Amino acid sequence: MAAKAGTHAVRCYHCAHPFEVGLRTASTNCPSCNKRVVVEDVVIKQLTPVSRVQTCGRLLVDKKGSVIAEFVHAQGGVEVLGSLDARVESGGPVVIGAGARWKGDCRAPSMAVRGGARIEGGFEVSERPPVVLPDADDDLEGFDDPADF
């Protein structure tokens, strides 16, 4: 999908529907499923324990940042310079920086790991479209098995 001037293309992390948003849009409702989605990039600069991080944009974990979550779903990709402990589903490239700490399973279309990174978990590089993760109210049973990725 080619974006019009002043917009950019995103994909809903609830239903995988592609749509366009304004360049400065932070969040909106998906025109297909009508659920609220974050479309801006998420930057983590400190310890952030949460149940989930979801964005149609990218997740960047800064050098001093740390994410502890059940899962992360970033349609635009993930870059970790600090620490991340989560199950990750990425629609874009994953980059693990030198000195970064990664713990958890990951599925992404591509991955780059810089020297000195510490990794604990499984990785699947896949051209398959990302799995649409459950909503916060949904039961997470079945996501404990890495085979689900």
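Overview of results
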read-out: Residue count for the stretch 1-17, restricted to those that are exposed (fewer than 15 other Cβ atoms within 10 Å of the Cβ) and assigned to a strand (DSSP E or B); value: 2
read-out: Qualifying residue in the stretch 18-25 (condition: without any contact (Cβ under 8 Å) to a residue 24 or more places away in the chain and among the hydroxyl-bearing types (Ser, Thr, Tyr)); value: yes
read-out: The stretch 24-59 - residue that is in contact with a Phe, Trp or Tyr (Cβ under 9 Å, 6 or more places away or on another chain) and within 30 Å of Ala100 (Cα to Cα) and, of those, surrounded by the most Cβ atoms within 10 Å (Cβ to Cβ); value: Cys56
read-out: Residue count for the stretch 18-53, restricted to those that are touching a Lys or Arg at 6+ places or on another chain (Cβ under 7 Å) and in a strand (DSSP E or B); value: 4
read-out: Residue list for the stretch 1-21, filter: at pLDDT 90 or above and either among the basic types (Lys, Arg) or over 20 Å from the mean Cα position of the chain (by Cα) (or both); value: Thr7, Arg11
read-out: Subset tally (residues that are within 24 Å of Arg24 (Cβ to Cβ) and in contact with a strand residue (DSSP E or B) (Cβ under 8 Å, 6 or more places away or on another chain)) for the stretch 44-71; value: 13
read-out: Residue within the stretch 55-69 that is of a type in the set (A, V, I, L, M) and more than 19 Å from Gly104 (Cβ to Cβ) present; value: no
read-out: Given (1) more than 22 Å from Ala112 (Cα to Cα); (2) hydrophobic (A, V, I, L, M, F, W, C); (3) surrounded by fewer than 16 Cβ atoms within 10 Å (Cβ to Cβ), number of the condition Val21 does not satisfy; value: (3)
read-out: Neighbours by Cβ (under 9 Å, 6+ apart or cross-chain): first from the stretch 56-81, touching a residue at least 60 places away in the same chain (Cβ under 8 Å); second surrounded by fewer than 19 Cβ atoms within 10 Å (Cβ to Cβ) and of a type in the set (Val, Ile, Thr); value: Glu70/Val50; His73/Val131; His73/Val132
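The values are calculated or read from the model by the stated rules, or taken from the named source; none is laboratory data. The structure displayed is predicted, hence computed values, not measured ones. Counting neighbours? That spans all protein chains shown, and the Cβs are built from the backbone with ideal geometry, glycine included.
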